Amino acid sequence: MSDLVQLTKMDGVAVVTINNPPVNALSSAVSAGIAAAVAQIEKDDAARAVVFIGAGRTFIAGADIKEFGELTSGKIICRESLKPLLLRIEDLRTPVVMAIHGTAFGGGLELAMAGHYRIALSSAQVGQPEVKLGIIPGAAGTQRLPRLAGVAKALEMCAEGSPVKAEDALKFGILDRLVEGDLLTGAIAFAKEVAAKAAPKTRERSEKLGTPEQNAAIFAAARETARKKQRGLLAPLAAIDAIEAGSQLPFDEACKKEEELFTKCLFSDQSKALIHAFFGEREVAKIPDVPKEMPTLGVDSVGIVGAALDRGLASIQKNYANSVKRGRFTQRFVDERLKLIRPTLDYSEFAGVDMVVEAVFESMALKKEVFSQLDRVCKPGAILATNTSSLSIDEIASATSRPQSVIGTHFFSPANVMRLLEIVRGAATGKEVIATCMQLSKKLSKVGVLVGNCMGFVGNRMFGPYRREAQFLVEEGASVEAVDNALYEFGMAMGPLATGDLAGLDVGWRIRKEFRHLQKPGIRQAFIEDRLCELGRFGQKTGAGWYKYDENRRPSPDPQVADLIRQWTSAAGIPRRQISVEEIVERCIYTLVNEGARLLEEGIALRAVDIDIIYLNGYGFPAYRGGPMWYADAVGLKKVCERIREFQQCFGNWWEPAPLLQRLGGQGKTFAEFSGWQGAAA
Ligand code: 3HC
């Protein structure tokens with residue numbers, strides 16, 4: 001037996017402890033260790049019962065996802081299925097009690113369901129989150145879960161992938177008991193209690209499976225929900241197919257069907273992209289020159305500058321009221337939180353805070369004024385953060401006597417919903433300030449991505465050309481809806497023009513006016529959005545922008561806009577033509593990629609994956625395509641570069657391929673292989 005799995009005995013009960021930190025992932029080596037323990041238990045006539053338990057902070061968080069990556073990339077050629085091992089556990093003569101704390105996810109829950117009983121601490125969670133990785137449960141989870149929790153609940157858990165708290169899992173029949181205090185002690189006591197009883201095998205239970213007639217409507221509803229809520233994703237539908245097979249076929253046959261679907265999903269491009277996103281989200285927390293051990297500053301109180309007080313507080317109250325309505329928070333919890341907010345009009349109240357986040361209007365003069373005030377009143381060491389989405393952190397920091405304490409924390413709108421936090425490092429920003437903001441992002445359940453300082457940083461510097469290209473397409477003859485639909489069908493949460501209407505077209509218009517003097521002569525500029533703004537069409541908030549909006553902000557195409565575009569473009573001498581969906585998608589997405597390549601080479605983005613995580617969490621890029629850089633790698637950089645060269649010839653020099661893209665394309669390499677970051681000063 002390996003160090004990863006230990007077999008001991010307590011009070012005549014065999015105890016199998018899985019010890020594979022940090023999350024006890026069920027790697028091949030752990031499975032082999034469990035198999036060895038099971039072999040010994042099979043021979044041990046004296047064992048009265050068996051307990052499986054996880055060492056450390058959790059039970060088992062699932063199969064080892066790294067091994068899946070190795071399998072699909074051909075690094076390993078085979079990975080043994082867990083299924084036969086689970087059958088052996090289920091067939092043990094003595095009752096098997098699974099003792100759960102932390103998380104029993106994926107293969108962890110599948111293992112637990114092969115036991116005869118499951119007990120858990122009330123803080124534990126169970127779930128089948130495989131769909132989030134583009135796969136489905138592959139060790140009979142789609143077969144055993146409906147037998148314990150019923151078809152409807154199993155469909156929800158396997159198709160949506162959301163975790164279930166222990167208390168609910170008990171109600172649904174997934175758990176048999178919650179225990180308090182020491183889990184192992186509780187598990188041994190429970191094991192002794194059931195030792196003399198017959199061990200119920202999950203796979204032989206059928207009382208919750210329902211009949212085809214009862215289930216037909218449930219499956220139809222699940223498919224409809226999956227198509228709507230998880231648009232474009234293959235795995236949720238595959239999970240539903242597997243559960244349906246389980247409700248109609250004998251266990252063994254349905255398991256074969258599950259295996260088939262699992263393998264198809266695992267080798268899909270979607271799964272590779274989603275696994276990239278899973279590890280990417282963890283990778284971005286790793287900053288080459290800010291090690292994990294870097295001390296952080298305490299942040300117990302934060303000042304926010306830039307809300308109109310009554311309006312700001314009213315929005316906070318409204319958001320909290322919605323959370324109470326949806327059952328996310330209790331009223332008491334919300335009342336306590338609201339008491340922590342103190343409105344003020346006086347800068348001197350910030351004297352004692354650990355951090356200030358400035359969120360005033362996007363004007364450099366105003367921001368500098370605010371920062372000089374903060375510099376005057378804030379205590380030494382307080383973090384002075386700006387929420388700017390495009391302006392220079394260094395210039396803002398120059399208004400203070402402590403540039404080492406100044407950093408960008410670019411929250412995405414709406415900030416209580418969006419997960420992305422772009423953390424912008426100025427030339428002088430202190431490492432402990434960076435480490436503190438990265439830690440804070442985790443505390444706020446956000447994904448913090450560190451980027452360098454340049455106009456628009458990573459997200460908006462790429463988004464500018466992307467939206468500009470969308471407008472060029474409209475100028476050249478594509479309809480507003482055709483452009484938005486093409487990108488929506490590609491998987492974007494929203495089309496680029498509708499996104500402008502949502503964010504407010506006037507924001508970009510003001511920024512363009514402020515920076516017009518920096519525009520290079522001879523470079524084509526999009527002009528329709530400026531004209532729309534001149535007509536007061538700022539988007540949703542004014543009831544009209546690219547689209548017109550009803551009182552519930554529902555959009556509809558506006559024939560007036562189509563007419564205006566025709567007039568304006570003909571006056572500008574731009575010929576109109578039919579434009580294919582393929583061209584719309586390629587021009588918009590490749591312009592993202594081209595700018596991303598520049599950011600990567602300049603060291604503004606640390607790695608290609610950082611750009612991907614920014615786009616997945618802040619810009620509605622479809623997770624199943626892995627982010628713009630991953631997508632370009634999947635298409636092939638040579639091909640992307642050649643297409644960009646064609647665009648350059650047709651449309652002009654703003655399409656010049658980024659040097660890095662040309663180089664990597666020529667060498668047959670990927671962005672993922674590029675590691676060009678040279679340090680903070682690069
Ligand atoms: N396999 C491999 N590594 C894993 C892993 C897994 N299943 N789960 C987590 N890790 C790694 C992370 O990459 C991270 O590594 P790092 O420190 O080198 O960056 C480390 O473990 C710690 O993970 P987190 O930072 O995510 O820790 P948290 O405490 O924030 O979260 C968690 C813990 C909730 C368990 C979260 O890690 C998680 O959701 N993990 C994935 C769960 C999952 O998807 N399970 C299903 C796997 S597929 C499967 O089981 C197929 C089966 O049906 C056959």
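What FRET efficiency, computed as 1/(1 + (r/R0)^6) with R0 = 60 Å and r the Cβ-Cβ distance, is obtained for Thr185 and Glu362, rounded to the nearest 0.05?
Values: r = 59 Å, r/R0 = 0.98.
FRET efficiency, Thr185 to Glu362: 0.55.
Say R0 is 25 Å: what FRET efficiency, to the nearest 0.05, do Arg531 and Cys650 get from their beta-carbon distance?
Values: r = 25 Å, r/R0 = 0.99.
In this case the efficiency is close to 0.50.
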| said: Name the residue from Gln125, Gly666, Gly491 whose Cα lies farthest towards the positive end of the charge dipole of the chain, charges +1 on Cβ of Lys and Arg and -1 on Cβ of Asp and Glu. | reply: Gln125
| request: Over 29 Å between C-alpha atoms is what I'm after, so list which of Lys165/Lys318; Lys379/Lys443; Lys325/Lys379; Lys367/Lys548; Lys83/Lys153; Lys132/Lys257 land there. | output: Lys325/Lys379; Lys367/Lys548
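With N denoting the number of residues in segment 36-89, provide Rg(C-alpha) divided by 2.2 N^0.38 Å, to two decimal places.
1.51
May I ask you to give the percent of accessible area on segment 440-578 that is carbon plus sulfur, with a probe radius of 1.4 Å? Before the final figure, lay out the partial values.
Numbers: 3630 of 6610 Å².
Exposed carbon and sulfur together represent 55 percent of the surface.
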| field | Taking only Cα atoms of segment 94-175, radius of gyration then Dmax in Å | value | 11.3, 36
| request: Name the residues whose placed amide hydrogens come within less than 5 Å of the amide hydrogen of Lys548, ignoring near sequence neighbours (fewer than 5 apart) on the same chain. | output: Ser556, Asp558
| field | For segment 229-319: span of alpha carbons on each principal axis (Å, largest first) | value | 62, 41, 22
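Based on the alpha-carbon gyration tensor of segment 434-511 and its eigenvalue square roots a ≥ b ≥ c, which shape applies: rounded if a/c is under 1.5, prolate if not and a/b is larger than b/c, or oblate?
Prolate is the answer for segment 434-511, as a/c is 1.5 or above and a/b outweighs b/c.
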| request: Give, in whole angstrom and from largest to smallest, the semi-axes √(5λ) of the equivalent ellipsoid of segment 322-426, with λ running over the eigenvalues of the Cα gyration tensor. | output: 28, 18, 11
| remark: If the chain between Glu349 and Ala308 were fully extended at 0.36 nm per residue, the gain over the current Cα-Cα distance would be 13.1 nm
| Which net charge results for the neighbourhood of Lys318, defined as the other residues with beta-carbon distances under 11 angstrom from its beta-carbon, given Lys and Arg at +1 and Asp and Glu at -1? | +2
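Over the Cα atoms of segment 149-239, Rg to Rh with Kirkwood Rh, two decimal places? Working shown, then result.
Numbers: Rg = 17.1 Å, Rh = 15.8 Å.
Rounded to two decimals, Rg over Rh is 1.08.
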| task | Mind running the shape call on segment 14-55? Use the C-alpha gyration tensor, a ≥ b ≥ c as the square roots of the eigenvalues: rounded below 1.5 for a/c, prolate if a/b tops b/c, oblate otherwise. | result | oblate
| note | Length-normalised contact order of segment 156-246, Cα under 8 Å, at least 6 apart, in percent, tallies to 39 percent
| task | Output the relative contact order of the chain, whole-number percent, from Cα pairs under 8 angstrom with separation of 6+ residues. | result | 9 percent
| query | Could you give the accessible area per residue of segment 57-113, probe 1.4 Å, as a whole number in Å²? | reply | 38 Å²
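Could you report segment 583-682's accessible area per residue, 1.4 Å probe, as an integer in Å²? Could the numbers behind the result be given before it?
Values: 3720 Å² over 100 residues.
Accessible surface, normalised per residue, equals 37 Å².
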| query | So what does the Cα-only Debye profile of segment 448-492 read at q = 0.15, 0.22, 0.26 Å⁻¹, as log10 I(q)/I(0), no solvent term? | reply | -0.50, -0.78, -0.90
| request: Multiply the residue gap between Lys197 and Ile341 by 0.36 nm, knock off their C-alpha separation, and tell me the result in nm, one decimal place. | output: 46.2 nm
| query | For Phe538, which sequence-distant residues (separation of 5 or more, or a different chain) have an amide H within less than 5 Å of its own amide H, given hydrogens modelled in the peptide plane? | reply | Ala544
| Can you list residues whose amide H is under 5 Å from Ala63's amide H, if they're 5+ apart or on another chain and H is modeled 1.01 Å from N? | Leu26, Gly107, Gly108
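Run through segment 527-614 and list the GluC sites (Glu not before Pro) located in a DSSP loop whose Cβ has at most 13 other Cβ atoms within 10 Å.
Working: sites: Glu529, Glu534, Glu551, Glu582, Glu583, Glu586, Glu595, Glu601, Glu602; in loops: Glu551.
Answer in residue order: Glu551.
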| Formal net charge of residues neighbouring Lys669 (Cβ-Cβ distance under 10 Å; K, R +1; D, E -1) | 0
| task | Divide by every residue of the chain the summed helix terms, -39500 (n - 2.57) for each DSSP H run of at least 4, and state the resulting mean residue ellipticity at 222 nm, rounded to the nearest 500 deg cm²/dmol. | result | -15000 deg cm²/dmol
| query | Given C-alpha coordinates of the chain, what is the ratio Rg to Rh with the Kirkwood estimate of Rh? | reply | 1.01
| task | Might you report the magnitude of the Cβ-based charge dipole of the chain about its Cα centre, with Lys and Arg at +1 and Asp and Glu at -1, to the nearest 20 debye? | result | 500 debye
| said: Taking the Cα centre as origin and putting +1 on Lys and Arg beta-carbons and -1 on Asp and Glu beta-carbons, what dipole magnitude results for segment 155-291, to the nearest 20 debye? | reply: 120 debye
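Tell me, what are the semi-axes, in whole angstrom and largest first, of the equivalent ellipsoid of segment 1-79 as set by the roots of 5 times the Cα gyration tensor eigenvalues? Please list the in-between numbers first.
Numbers: eigenvalues 148, 41, 12 Å².
They are 27, 14, 8 Å, listed largest first.
Highest first, please rank the peptides 435-444, 606-615, 451-460, 645-654 by the mean number of other Cβ atoms sitting within 10 Å of their residues. Write down the numbers at each step before the final one.
On the way: 435-444: 18.4, 606-615: 27.5, 451-460: 21.4, 645-654: 13.5.
For the peptides 435-444, 606-615, 451-460, 645-654, the packing ranking is 606-615, 451-460, 435-444, 645-654.
Per residue, how much accessible area does segment 197-280 show when a 1.4 Å probe rolls over the protein heavy atoms, in square angstrom?
Details: 4490 Å² over 84 residues.
For segment 197-280, the per-residue accessible area is 54 Å².
Round to a whole number: what % of the accessible area of segment 365-422 belongs to carbon and sulfur, probe 1.4 Å? Mind dumping the intermediate values first?
Working: 1200 of 2170 Å².
With neighbouring chains kept in place, the figure for segment 365-422 is 55 percent.
The values are calculated or read from the model by the stated rules, or taken from the named source; none is laboratory data. Remember, predicted model here, so these are calculated numbers, not experimental data. Cβ sites come from the backbone with ideal geometry, for glycine too, and all protein chains shown count toward neighbours. Surface areas here come from the heavy atoms of the whole protein model, side chains and all, with no ligands, DNA or RNA. Shrake-Rupley method; radii C 1.70, N 1.55, O 1.52, S 1.80 Å.
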